[in-house]
Structure formats: structure tokens, C-alpha cells
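A short write-up of the structure that comes next.
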Amino acid sequence: MIPLSWYILVSAALFSIGIYGALARRNALAILMAIELMLNAVNLNLVAFWRYLTPNVVAGKVFVLVVFAVAASEVAVGLALIISIYRRRHTIAVEEIDMMKW
Amino acid sequence: MDWQDFLSVLPFIIVAGWATILLLVDLWIPANRKGITAGLAVLGLIAAIAAVISRFGIEREAFDGMIIVDGFSSFLQLLFLGVGVIAIAQAYDYLRRRDIERGEYYILLLYSLSGMLLMASAGDLIVVFLAVELLSIPLYVLAAFAIPKADSEESALKYFLLGAFASGFLVYGIALVFGSTGTTALSGMVAAIESAETTPILLLVGSGMILVGLGFKVAAVPFHMWTPDVYQGAPTSVTSFMAVGAKAGGFAALLRIFISALPGAAVMWMPLTMWIAALTMAWGNIAAISQTNIKRMLAYSSIAHAGYIFMALPAAATPEVAPEAVRAALFYLVTYAITNLGAWGVVLAMEKAEGSGLEIEDYSGLGKKRPALALAMALFMLSLTGIPPTVGFMGKFYLFQVVIDANLIWLALVGVVTSLISAYYYLRVIVVMYMRDGEPEVRSEALLNSTIFITAFGTFFFGILPGFLLKMINQVSLLDLFR
Amino acid sequence: MTIDLVLFFGLALIAVVAAIAMIASRNAVYSALFLVFNFLTVATLYLLLNAAFIAVVQVTVYAGAIMVLFLFVIMLLGTERESIGGRIRWQMPLSIVLGLALAGELAYVLLRNDIVQGPLADLTVEFGSPASIGRVLFNEYLVPFEVTSILLLVAMIGAIVITRKQREEGK
């Protein structure tokens, strides 16, 4: 049997890679993708917890569906924002969108 | 599930439903008469206020514990709805002036408010997460509302990217807490921790990550980096709403999760919250000193005030003090909301059409030209510093008292010393207004003036006679989840 | 070594490598495709965890819809190339430290003591089927479900509000 901790470890690794990507990449689209990876890690955690700890309660699964919906709405707003910024500035590199002090 | 359950979420249903109806109605309102949409939005809020008042004092759980109705949620909902009414009144003339008047502004504002209402009565971590998103996503869009303006799009992008990043932390933390306690219901978590059926390490990391995620939302150091840029770049009417509403929403979640659901884990989060509070107060006030732009200064000021409210969390780790700590935090949230809405209102009045008039220097001579407005601003600045006879003094007094009761003398000292530091930059605004000569261009718009008048009156009135507010707050308590 | 273990290790390795490749890739299109790859592997892990419904939703919604949207935007804007060169000064070291610290910390504490011992509980056949999830969504989880729908509506309005301005300006 695969121990639960291994799933949590894989999820933690994916989450950490996501954090690294969100902080280190400079392309707004790439940052958004890294954030999606973080949410994906959350889902893996939730499904693993559900299967191992509370297989007879659906809370974990419902939570995964909620995270899907939230991810979709964040992407919708984020991509709209990125498109509208790109149209005027022809760049989506975050350090070029930086007129105020960061 | 019965009709009582639906009554429990009636304020939320009214605001979210009304926003959806307005979305359709707005199509038939001509572009130059969007004031009608604003008026209708306020009507919806008044109906929601009535709904909250009608069930004041009732305590119950609804929808299998998804929703909690108690004094805490009703009080916060009243605060949010009041903030909403003032925010709409402040926005109306400002949007016309900047030529970004569109009906969707009020509709998105209503949706954001509905998220805050839901947050106040969330009884399950899934609902907390959804409420955070529901209050944030409309705010991202509102920050982008002036979008041909470069600073608005920059502000929106930064707010969005950091907000989404923070919700990643929040939801990861919630997942770990779920893994540790086996439930997402707040009442279930209390029971699980009580019976020691948890995995402590997951609970520790999980609650830490929830703290990080919500720390971003309330702009606590070290998760505050986005605040000055976002507050400066967003349209000022949005900033006003964001600074007050989003922060109060974040604190609603923090207080509910940590004080009512995780008191059993207090040993873990108490040191963390203590340091966050101390750092936030210190850094927010020190960084504010060197600001020349009023929006940036108020942004750092709002960071500092997040630190003061944060003090309630480590204080609440002492069980006997916890109920008082919650009340002190709520009282401080009210003082913060009244004073800040007023101060941002003055900033709105001073801002010129092209977005200039935002330097502190531009306030020179305001004392001569518009004595009433300058007096109101002076009152707000005194209240933010915490000098009597303003409500800010009462708020700080109450909060420090609670912190001392919890035996955190040094934290209270940090609070007092940083308040003294803050006097420097708040009083500078007053000095500039009265001592320097200048010819400021000031707007005089009826709605805006009345919001400034109301908030100034509140700042003064509750500063002298806080009895009414205190009486209301004394009836507030968190629903005891472990029964 | 059972087949489960082999599968798990293989999938976990692929998922992590795909994630790293996604971050390391300088080309946004490659990044997006690596992310799709990662999502598909994680979906297979869900199958291993007996969560078939979630796996299907992951493939159709996440890998299918959301990532296609990403690719569409990348190609629409033509910004797939990311110029190499100066990064944001303080973020690079900070992010490495943060990422490593988090991963190390979690690995340390998790490998020390395992959380669940003993065999897994058996699942009934119909449990987790779309029908049962649907029933739960409309009963115990009615509030989150309805709020989710409002959230999606808000996101839709938001996206339209943000992009519609462009058109008016262009006129």
C-alpha cells in the first residue's frame, strides 16, 4: 500500500515548484500558470486525504470541485486583464509594468 | 434544510440576487443616467440591512453548519452594508468626473459585498474560501475599472497576481487542516482538536498557511508588498472600498477561524500572530513617514492598522480574554472603517480630473479655503493617530487594554510607541493644511460632502459617547461551536 | 513491489519533472504543454485513488478547457518568447530559499511519522459516482454550490467589463 505521506510529499513538491515559478518567472502568463500548478497540488492533497481519511464523506471531493471552479474564474479574469494590458503596452513582463515603486 | 435556513442567509441572498437583477435592469438605463443604478444598489443594501436587523440577537447554525448566524456575523454584516452604502455614495460623482461611469461598477461592488456578508457568517472552510474569492474577484475588476489609465491596469495586475497567489496558500492551508482534522466544518474541527484526533504537524503547517493567505488579504507585514502600489494605482473610490471592506472581510475570517475553530491549537498560532502584529505595526508606521503621496501614505497607514487589529489574535489565545479580544477587534474595525472612509472621502474631494492633486503638498491652504473640509480631515488624522476626543482613541484604548489583560505587555508597548511615531506623519497633514499657504482646487459634490460629514460626525460622536457602540458590541459573541 | 507502487512512483516522478520543466521552459507554449502533461499525470493519480469522477473532470475542465484557453491567449498575443536577461532583483534568491525551505520542511516532518496505518477502507461501488456527488451537492453542500455559480457569473462579468473597454476606445 502506498503511504498517505507520499501523496502529501508529491503535492508539497508540486506546490513548492509552483511557488518558485510564481515568484521567479517574469511573464504574467507564466506566473498565472504557476498559480494553477499550486491549485493542482491542493487538489491532489484533497483527493488523497479523502481516500485515506474520510472515504465515506464527500467533503474532500466537493472541495476539489470548488477549487476547479475557483481556478476557472481566476483564469478568466486574469487572462482578460493580461489581454487588455498587452493590447496597450505590447508586453506582459511584470517588471516592465512597473511605474510605481514595487 | 427549511425556510429558517434560507432566512439565515437572507442578507446574502438579497445582495447577490439584487446584483444579478440590477445587471439586467442596467441594460435599460441610459449611459448618462447611471445614477439610477447607484440608487437602486443602495436600495438593495437598505433591504439587506433591514434583513440583518430583523434577526439580530438570533444564534443558530444553518445548512448543516455551513452558515453560522450569531452576534459576530450580524454585527459585521451591518458594518459591511454600511461601508457599501458609503462606498457607493463616494463613487457616484468620482466616476462621472473621471469619465469611467458604468453601471457594472455598482453591480461588482454589490457582488464583492455579498462575499463579505458570506464571510461574516461562514461556518465551513469551503465557504470561507469561496467567500474570500467572491469578495476578491470583483475587486480585481474594480481596480482595473479605469483601465485606459496605465496606473489602474498596473494596480489591477499586481492585485490580481498577488491575490491569486495568496488564495493558493489559503486553500493549501485549508486542505492541510482538513487532512489533519478530517473535516472542513468549523464545529467539527473544534471537536476533533478537543479529542486529540488530529495530526499536529499538518495542523501546524495548515494553520500557518491559512495565516499567510489571509495575511495577504489584510495586508499584514511581511505580506504587504502589494498594498502601496495597488492602493495608489486603483481608482480612489475603489481604494476606499478595498481598504476598508476587504480588510474587514479578511479579519472576519481570521477571527472566526482562529478564535472560534482553532482555540485548541492556540499554542501554535499564538507566537506567529504576535510577531506578525508587532512587525506590521512597526513597519507600517515607519514606512509611512517618508511618503509624499497621500494615497501611499494612507496605504501604509492601513498596513499599520492591520497590525493593531492583529493584536487581538495573540490576546485571544488566552481563553479568558478571548471574548473581550473579539469585541475589541470588532470595535477597532468600526473605528477604522469610519475614519478611513472619511479620510479617503477627503482624498476623493481633492483629486482633480486628471488624477493629480494627490500629493500631501497639494493640501496647502486647505484650512483657509475650505475650513469645514480641513476640520474633517484633521479629525480623521487625529483619529488615525488615536488622540482623544476621537473614536480612534477609544478603539486603541480598548484594544491595548485587552492586550494587557492577556499579559502581553511588550506588545501593547510596541503599539503605543508606534502610535507615537505615527503622530508624526498624520500631524504633518494637519500642519500642511493650516500652516502653509496655497490655493488648492477642491471639489464640492453633495453626495461626497455628505459622506465626509457623516463619517466625521461618527468619528467625533463615538469618540465622546462610545456607549451606544459599546453596548451593541457587548452583546456580540462568537457562537460557541463546541456544545 | 506491487504494481501500485511502481505506478505511483512513475506517475509522481513524471508529474514533478513536468512541473519543473514547465517552470524552466522559456517558451510559454512549452510551459503550457508541460502543465497539461502535469495535469494529465495527476489525473491518473486520481484514478489510482479511486476518484474516477474527479479524474475525468480534471482532464475535461482543467487540461481541456482552462489550458486550451491559456494556449489560445498565448498564441493570440504572440508572446510565447520570454526575453532572457535581468530578472526581478530580489525575487530570485528569495524564491529559491522559500521553495526549498518549504519542500524540505514538509519532507522532514512527513517522513518521520506516517499518518495513516493499516489498510484502506473499501469503497462501495456507487460511492463517488456522479449521481451521488450530485445528490450531495444539492443537499449538504447547497450553499457552496450556489456560491460557486455566483462566482463563475462574476468572473464572466469581470472578464467582459475588462476587455469591453478596449473596443469602445478603438472606435
task = Just report the Cα centroid separation between segment B:224-247 and segment C:1-61, whole Å.
result = 38
Computed over segment B:32-165: relative contact order in percent, which uses C-alpha pairs under 8 Å that are six or more apart = 22
request  = Would you be so kind as to identify which of B:Gly215, B:Phe468, B:Ala248 lies farthest towards the positive end of the dipole of chain B, taking Lys and Arg as +1 and Asp and Glu as -1 on Cβ and the Cα centre as origin?
outcome  = B:Phe468
query = What is the distance, in nm, between label points placed 7 Å from the Cα along the Cα-to-Cβ direction at B:Leu24 and at A:Asn56?
reply = 4.5
ask   = Mean residue ellipticity at 222 nm from the helices of the protein assembly as shown, using -39,500 (n - 2.57) per DSSP H segment of n ≥ 4 over the full residue count, to the nearest 500 deg cm²/dmol?
value = -24000 deg cm²/dmol
query = What's the average, rounded to a whole number, of partner chain beta-carbon atoms within 10 Å of each residue's beta-carbon in B:144-151?
reply = 5
message = What would the Debye equation give as log₁₀ I(q)/I(0) for segment B:6-56 at q = 0.17, 0.19 Å⁻¹, counting only Cα atoms as equal point scatterers?
response = -0.53, -0.62
query = Ranked highest first by average number of other Cβ atoms within 10 Å, how do B:426-432, A:21-27 line up?
reply = A:21-27, B:426-432
Rg in Å to one decimal, and Dmax rounded to a whole Å, for segment A:4-89 via C-alpha atoms = 15.3, 52
Tail weight of P(r) past 21 Å, computed on alpha-carbon pairs of segment C:1-82, percent = 35
request  = Run the dipole for segment B:24-474 about the Cα centre, Lys and Arg Cβ at +1, Asp and Glu Cβ at -1, nothing else charged, and hand back the magnitude in debye, nearest 20.
outcome  = 780
note = Note to self: C-alpha centroids of segment B:333-351 and segment B:249-308 sit apart, in Å, by 19
request  = Could you work out the relative contact order of segment B:24-474, using alpha carbon pairs under 8 angstrom and six or more residues apart, expressed as a whole percent?
outcome  = 14
Listed residues A:Ile85, A:Ile19, A:Ile31, most fluctuating in chain A (Gaussian network, C-alpha, under 10 Å) = A:Ile85
ask   = So what is the relative contact order for segment A:4-89, in percent, with contacts set as C-alpha pairs under 8 Å and at least six apart?
value = 27
remark   = Across B:131-140, the residue-averaged tally of Cβ atoms belonging to other chains within 10 Å stands at 5
ask   = How many angstrom lie between the C-alpha centres of segment A:19-65 and segment B:152-197?
value = 11
task = Could you work out the Rg to Rh ratio of chain B, with Rh taken as the Kirkwood radius (inverse of the mean 1/r over all Cα pairs)?
result = 0.95
query = Once you wrap a convex hull around the alpha carbon atoms of the protein assembly as shown, what is its projected area averaged over all directions, in nm²?
reply = 30.2
remark   = Taking Rh as the Kirkwood radius computed over alpha-carbon pairs of segment B:383-440 and applying Stokes-Einstein at 10 °C with viscosity 1.306 mPa s, one gets a diffusion coefficient in µm² s⁻¹ of 125
request  = Please average, across the residues of B:42-54, the number of beta carbons from any other chain that are within 10 Å of each residue's own beta carbon, and give a whole number.
outcome  = 0
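Bear in mind that the values in this text are calculations on the coordinates, not laboratory data. Computed from a predicted structure; not experimentally measured. A quick note on method: Cβ atoms are made from the backbone with ideal geometry, for glycine too, and the neighbour counts reach across all protein chains shown.
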